[in-house]
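Asks: Handing you a structure now.
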Amino acid sequence: GSLNEARWALEKYVERRTHDPEGLYQLGSVAARLGDLDRARDAFTRCLEAVDTTPAFRRRDVMQWSRQARQQLAQLGK
């Protein structure tokens, strides 16, 4: 589908679920592909924060988003 439509949908999703690591990661990925690097960095950073504040019993389930967000930030040149 369209990256702009995906971005719109993900922004709406993240507005409602501000601490969802997967949603934030996906938003960052789409923003990066659209060339909006500042928005991508922001979303990836928020993803890391969301994982760090996830309750311990769920942290294992969301760690993949933290690893991937760190990789993306490194590629974007934090």
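Asks: Helix 56-76 against the longest principal axis of the chain: what's the angle in degrees, Cα atoms only, rounded to the nearest 10?
Replies: Between the helix axis and the principal axis of the chain, the angle is about 40 degrees.
Asks: To continue, here is another question. Need one number: nm distance between label points at Ser2 and Arg16, each 7 Å from Cα along Cα→Cβ, rounded to one decimal.
Replies: 2.1
Asks: For helix 37-52, what angle does its Cα long axis make with the longest principal axis of the chain, in degrees from 0 to 90 and rounded to 10?
Replies: 10
Asks: Moving on to the next point. So which residue, out of Thr53, Thr45, Thr18, gets the largest mean-square fluctuation from a GNM of the chain using Cα contacts under 10 Å as springs?
Replies: Maximum fluctuation in the GNM of the chain, among the listed residues, is at Thr53.
Asks: For helix 3-16, report the angle its Cα long axis makes with the longest principal axis of the Cα atoms of the chain; keep it between 0 and 90° and round to the nearest 10°.
Replies: Long axis of 3-16 versus the principal axis of the chain: about 40 degrees.
Asks: If each DSSP helix of 4+ residues adds -39,500 (n - 2.57) and the sum is divided by the residues in the chain, what number results at 222 nm, nearest 500 deg cm²/dmol?
Replies: About -27000 deg cm²/dmol.
Asks: Same structure again: Got a sec? Charge dipole of region 1-77, +1 on Cβ for Lys and Arg, -1 for Asp and Glu; which of Val30, Val14, Gln71 is way out at the positive end?
Replies: Ranked along the dipole, the leading option is Gln71.
Asks: Also, quick follow-up: Measure of size requested: the Rg and Dmax of the chain, with Cα atoms as the atom set and Å as the unit; please supply both.
Replies: Answer for the chain, Rg first and Dmax second: 11.8, 36 Å.
Asks: If you don't mind, there's one more thing I want to ask. Can you work out the accessible area per residue across region 1-68, with the rest of the protein chains kept in place, probe 1.4 Å, in square angstrom?
Replies: Per-residue value: 63 Å².
Asks: Compute, for the chain, the length of the dipole vector about the Cα centre, with Cβ point charges of +1 (Lys, Arg) and -1 (Asp, Glu) only. Units Debye, rounded to 20.
Replies: About 220 debye.
Asks: Just to be sure I understand: with springs between alpha-carbon atoms less than 10 Å apart, which residue in Ala43, Ala32, Ala56 has the highest mean-square fluctuation in the Gaussian network model of the chain?
Replies: In the Gaussian network model the winner is Ala56.
The values are calculated or read from the model by the stated rules, or taken from the named source; none is laboratory data. Because the structure is a prediction, the values reported are computed rather than measured. Please note: Cβ atoms are built from the backbone with ideal geometry, for glycine as well, and neighbour counts cover all protein chains shown. Each accessible area value is taken on the protein alone, full model and side chains, heavy atoms only, with ligands, DNA and RNA left out. Shrake-Rupley method; radii C 1.70, N 1.55, O 1.52, S 1.80 Å.
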